[in-house]
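Reading through the structure tokens given below for one structure.
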Amino acid sequence: MGGLGPRDTAPGRHESPEERADRRWAELLQEVRVIQTGVQILFGFLLTVAFTPRFATLQQTDKTIYVVTVLLGAATTGALVGTVTFHRLVAGHRMKPETVLWASRLSLVGIVLLLATVTSALLLILRIAMNNSAVPWVVAGLVGWFMLCWFALPVWILHRVSSKE
């Protein structure tokens, strides 16, 4: 009867650095696909707003918020698409672990930009829809919720699990 070696008893995956990079790349690509769909819909909607009859009647402040929102949406799209183009440009150069690291960082920048885009879009839409002083508070509450779901909860879980090891 053979004994269990360290590979058999160690927790986690048993993969080479290349296998790990391949798996992490596939996971990252799937995540980007999911988020990119929402970003494309939001950005597409934003691009049409300027061509509606109501746009001409907006206050200058709302038009400025709109321009900032469109620019943030474009920057978000650039960062998220950048993860794929980054891989495409360096593929085949035996840099998969580095590619995954940098593409992951770029996708995180895209997520932060998405938070800013959604915040700006909410501010614009709620200013027009509600037209009252509660708008900044509603937007701040939603931004807090996004930050909790997108950043605080994962960091808390990561800290909690790593402190048990």
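The values are calculated or read from the model by the stated rules, or taken from the named source; none is laboratory data. Since this is a predicted model, take the numbers as computed values, not measurements. FYI the Cβ positions are ideal-geometry reconstructions off the backbone, even for glycines, and counts take in every protein chain you see. We work out accessible area using only protein heavy atoms, side chains counted, and drop any ligands, DNA or RNA first. Shrake-Rupley method; radii C 1.70, N 1.55, O 1.52, S 1.80 Å.
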Look through V112, V32 and report the one residue that is within 18 Å of the chain's Cα centre (by Cα), open to solvent by 60 Å² or more (accessible area, probe 1.4 Å), under 23 Å from L142 (Cα atoms) and not charged (D, E, K, R).
-> V112
Mind telling me which of the residues V138, V100 ends up being farther than 16 Å from I35 by Cα, touching a residue at least 60 places away in the same chain (Cβ under 8 Å) and in a helix (DSSP H, G or I)?
-> V100
Enumerate the pairs (first residue in the range 121-133 and farther than 17 Å from V49 by Cβ; second residue anywhere and polar (S, T, N, Q) and modelled with pLDDT under 95) with beta-carbon separation below 8 Å, excluding pairs fewer than 6 apart on the same chain, so at least 6 apart or on different chains.
-> none
So S163, is it in contact (Cβ under 8 Å) with a residue 40 or more places away in the chain, of a type outside the set (A, V, I, L, M) and assigned to a helix (DSSP H, G or I) = no
Unique match (being at pLDDT 95 or above, over 30 Å from D62 (Cα atoms) and not hydroxyl-bearing (S, T, Y)) among A91, A152 | A152
Taking the residues in the range 118-161 that are of a type outside the set (A, V, I, L, M, F, W, C) and open to solvent by less than 60 Å² (accessible area, probe 1.4 Å) as candidates, determine which candidate is nearest to Y66 (Cα to Cα).
-> S120
The listed residue being under 16 Å from Q36 (Cβ atoms), open to solvent by less than 70 Å² (accessible area, probe 1.4 Å) and of a type in the set (A, V, I, L, M), out of A79, A91, A50 | A79
